[in-house]
1. What's the local net charge at residue 254, with K and R +1, D and E -1, over the other residues with C-beta under 9 Å away?
2. By average Cβ neighbour count within 10 Å, what is the ranking of 155-168, 217-230 from highest down?
3. Amide H to amide H under 5 Å from residue 186: which residues, 5+ apart in sequence or cross-chain, H placed 1.01 Å off N in plane?
4. What does the charge count near residue 144 come to, summing +1 for each Lys or Arg and -1 for each Asp or Glu among other residues with Cβ under 12 Å from its Cβ?
5. Step through the residues of the stretch 101-116 one at a time and calculate ³J(HN,Hα) from phi using the Karplus curve (6.51 cos²θ - 1.76 cosθ + 1.60, θ = phi - 60°), rounding each to whole Hz and writing x for Gly and Pro.
6. Mind jotting down the three principal axis lengths of the stretch 129-259 based on Cα atoms? Whole angstrom, largest first.
7. Provide the gained length on full extension for the span residue 140 to residue 234, in nm with one decimal, where the gain is 0.36 nm per separating residue minus the Cα-Cα distance.
8. Using alpha carbons only, what's the Rg to Rh ratio of the stretch 35-232 with Rh from Kirkwood?
Amino acid sequence: MTTVSEVRPVGPAEDAPIPTTVEGPVEGPGAPPGPTAVADLDELHRVSRDLEARPAAGAARAAIEWAVDRFGTGLVLAASFQDCVVIDLAVQVDPAIEVTFLDTGYHFAETLWYVEQVRRRYDLNLRVVGADVPPDDRWLTDTDACCAARKVAPLAAALQGRAAWMSGLRRADGPSRTATPVVGYDVGRGLVKVNPIAAWSDADVAAHVAARDLPAHPLVDRGYPSIGCWPCTRPVDTGADPRAGRWAGSAKSECGLHG
Ligand code: SF4
């Protein structure tokens, strides 16, 4: 994924709002989403510099506020439901924000249970998008094709007609995500991509979970710091790369959703 540049100067106060007045085509709340909403890369550079200069907690809130204000219903939060931190943050800004869960057909039963707990807690505006393919064994023989059919294609359907999407990606997730920006441009999809908690450490997440008394995915305490589909997720040793249990034994480290 090509992203806007990351600059980390001394920045604004943590709680200062980001200006939403921009040059060029703009689409705000109530306006139909579309590609013109993401045409102004100068705006993204400016917003990125602002957010990257803030403390991580303040950047998360400011990023969500900017995205909700800027894109309105053109914004979708794609959640993996291995925790609910970014959901908790997002619904505090916009209780009606659309949250999408990609149901690959191969999730752990514990994940489906957790989705329901989180949905009830927040009365989520949840959209479950399933894969348009029958069950098969591609996860055994061609994991890239399987992820393409069960994750990438459903996400494309979920983002159809939208201007921006948001995820809970963090740099601390593992080596493949260390360059994750708070705000970037998803060139492949032609959409703005917002990662509000990109700069959060594991300690930041733990502190937020404790402070907000958030429910935990049942598998986390059983050695699964990163949770995907059951055929492709294994527990990992304490201190190992959190994503080492994903597609363990292969060179694959990402499913294709994030570039
Ligand atoms: S993670 Fe595994 S089962 Fe899930 S879509 Fe990718 S290859 Fe298929």
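Every number here is computed from the coordinates shown, using simple stated rules; none is lab data. Please read these numbers as outputs of a predicted model, since none were measured by experiment. We place every Cβ from the backbone using ideal geometry, glycine too, and count neighbours over all the protein chains shown.
1. Cβ neighbours under 9 Å give a net charge of +4.
2. So the order, starting with the most tightly packed, is 155-168, 217-230.
3. 191, 192, 193
4. +2
5. Once rounded to whole Hz, the list reads 10, 8, 8, 6, x, 10, 6, 4, 4, 5, 5, 5, 5, 5, 3, 5.
6. Here the spans come out as 39, 34, 26 Å, largest first.
7. Contour length minus Cα-Cα distance gives 32.4 nm.
8. 0.95
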